[in-house]
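One structure is given here, and the rest of the page talks about it.
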Amino acid sequence: MISNQILQNTIEGLKGITRIDFCVLDTDGKLLASTFSEQGSYEEEVVSFVESPADSQVVKGYQFFKIFDEHHLEYILLANGGGEDVYMLGKIAAFQIQNLLVAYKERFDKDNFIKNLLLDNLLLVDIYNRAKKLHIDTEIRRVIFIIETKQEKDNSALDNVRTLLGGKAGDFVTAVDEKNIIVVKALEISDGHAELHKMAQNFYDLLKNDGEEDILIAYGTVVNDIKEVSKSYKEAKLALDVGKIFFAERNIIAYSALGIGRLIYQLPIPLCKMFIREIFEGKSPDDFDEETLTTINKFFENNLNVSETSRQLYIHRNTLVYRLDKLQKSTGLDLRVFEDAITFKIALMVVKYMKYMESLEY
C-alpha cells in the first residue's frame, strides 16, 4: 500500500537520526528500499525468518524484524548490526513503518469513501455510517474544486499535489481520472464568493509555480451537509465544460457565474440547429468576414455603445453605423435594438456550443 519511494524516504530519515543502515524487503525477500551501500541477497534468510514464530532475530550480523498490517505480515526490516542498541533502534524503526501503514490505510479508506461520495455510489445510510467510522464531520460547509492540468497524474504526482494543496484536516485531495484533481475543501462560516475565488487563485499559483501547464480550475456551490458533496462536484464538472466553450480566456470558472451558458449547454443539438436556421436563414456566423466579427464582438464588449465602439476600433462613427446597417440587411437583426442584440448574442453562443460538441465527436 505504501509506495517504495515513501519507504525509501522513511528509512533515509531514520538513518539520518540513528546513523544505522536499514533495508525493507517483502516477504519473498525482494528488496523494496535500502540505505545499504552494498546490496546483498537475503531471500533465503527472509523466507526462513518468515516461517519462524519469532518477531525478531539476528542473522549474519543483521537484526531482522517483522512488520504487520492488522496481523498480516507485510514487510521485513533489516537493521545493520547485532548489538542491543541496534535492536532497540530497529524496533523503533519497525514501529514507525507499522504506524505509517496504518496512516496510509486510513487515508486510502477515506480516499475511497470520498471518491464514492463524489460519484453518487453510496446509499444515504452508508454515507453517514462510513463518515462516522472514518471520523469525517458530516455537517460542515464544503465546496468542490476540480483542477484540470495538461499532464496526466500518477500516484506520486498526486501525492505532490496533495502536499501543495493540503490545508486543514477536513480537506481532501483525490482524483477519479488521470487529468482532473478534485479538492474537497472545508470552509469557514464567513467564506463567500470572494474567498472561494481567492482559494482557486492560490491553487492555480501553487501549481503554476510547480511547473504545471494549461491549468483550468472550476468550482461548484457551497453545500452544508456531506450528502450534498456530489451536487457541488456535478456543478464543478459542468462549470469546467461550459467554461471551455464560453469563457476560454479564463483560468478559473465558478458554477454561479456561468450565466446563460449553463442553459445553452443543456440544449439538444437538433434544437440548436433549428434555432440557428431561423435566425440566420441558412447562414452561419462563420460566414461573416473578420471585419464584421470584430465589429460585432467589440460592439457587445462596449454594451452596444456606438461612440465607444467606433473609438476603440479607430473608425468614424458613420463607418460603424454603415457596418451595422449592412449586418441588419443580411440577418434582419439590428444590434442597436436591445432585443435583436440579445437574440444575436445567444445565437453566437449557440454556434460556439455546437462547434465544441462537434469537436468532441472526432
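The values are calculated or read from the model by the stated rules, or taken from the named source; none is laboratory data. Bear in mind the structure is a predicted one, so any value in this text is a computation, not a measurement. Note that we place each Cβ from the backbone using ideal geometry, even for glycine, and neighbour counts take in every protein chain shown. To get the accessible areas, we keep the full protein, side chains included, count just its heavy atoms, and leave off ligands, DNA and RNA. Shrake-Rupley method; radii C 1.70, N 1.55, O 1.52, S 1.80 Å.
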Checklist entry - What is the helix-to-structure angle for 269-280, meaning the angle in degrees between its Cα long axis and the longest Cα principal axis of the chain, kept from 0 to 90 and rounded to the nearest 10? => result 30
Next on the checklist: Rounded, prolate or oblate, given the Cα gyration tensor of the range 1-137, with a/c below 1.5 counting as rounded?
Outcome noted: prolate
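Treating only the Cβ of Lys, Arg, Asp and Glu as charged (+1, +1, -1, -1), what charge dipole size does the range 216-362 show about its Cα centre? Round to the nearest 20 debye.
Values: 20 positive and 20 negative charges, 44 e Å.
With Lys and Arg at +1 and Asp and Glu at -1, about 200 debye.
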Item to check | Accessible heavy-atom area order of L123, L196, highest first, probe of 1.4 Å | outcome: L123, L196
Checklist entry - DSSP loop chymotrypsin sites (Phe, Trp or Tyr not before Pro) in the range 294-357 with at most 15 other Cβ atoms within 10 Å of their Cβ, which ones? => result Y314
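Just to be sure I follow: if Rg is taken over the C-alpha atoms of the range 193-289 and Rh is the Kirkwood radius over the same atoms, what is Rg/Rh?
Details: Rg = 17.1 Å, Rh = 15.6 Å.
So for the range 193-289, dividing Rg by the Kirkwood Rh gives 1.10.
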Checklist outcome for this item: Along principal axes, largest first, the alpha-carbon spread of the range 50-128 in whole Å comes out as 55, 23, 16
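State the antiparallel share, in %, of DSSP beta bridges confined to the chain, rounding to the nearest 5. Could the numbers behind the result be given before it?
Numbers: 35 of 38 bridges.
Percent antiparallel among DSSP bridges in the chain is about 90.
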Next on the checklist: Taking the Cα centre as origin and putting +1 on Lys and Arg beta-carbons and -1 on Asp and Glu beta-carbons, what dipole magnitude results for the chain, to the nearest 20 debye?
Outcome noted: 1440
Item to check | Rounded tilt (10° steps) of 290-301 against the dominant C-alpha axis of the chain | outcome: 80
Item to check | Most fluctuating residue given options G13, G40, G261, as computed from a GNM of the chain linking Cα atoms under 10 Å | outcome: G40
Checklist outcome for this item: The local net charge around R19, scoring Lys/Arg +1 and Asp/Glu -1 for residues other than R19 whose Cβ lies under 15 Å from its Cβ, equals -2
Checklist outcome for this item: For the chain, longest principal axis from Cα atoms; helix 124-133 axis from its Cα atoms; angle between them, nearest 10 degrees, is 40
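Which entries of K179/K244; K298/K352; K231/K355; K133/K237; K244/K355; K244/K345 show an alpha-carbon separation above 21 angstrom in the structure shown?
Working: K179/K244 15 Å; K298/K352 17 Å; K231/K355 28 Å; K133/K237 29 Å; K244/K355 12 Å; K244/K345 18 Å.
Where the Cα-Cα span goes over 21 Å, the pairs concerned are K231/K355; K133/K237.
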Checklist outcome for this item: When the charge dipole of the chain is computed with +1 on Lys and Arg Cβ and -1 on Asp and Glu Cβ about the Cα centre, the Cα farthest towards its positive end, among F108, G61, A175, belongs to A175
Next on the checklist: Test of understanding: what is the full-extension gain from Q312 to S190, defined as 0.36 nm times their sequence separation minus their Cα-Cα distance?
Outcome noted: 39.8 nm
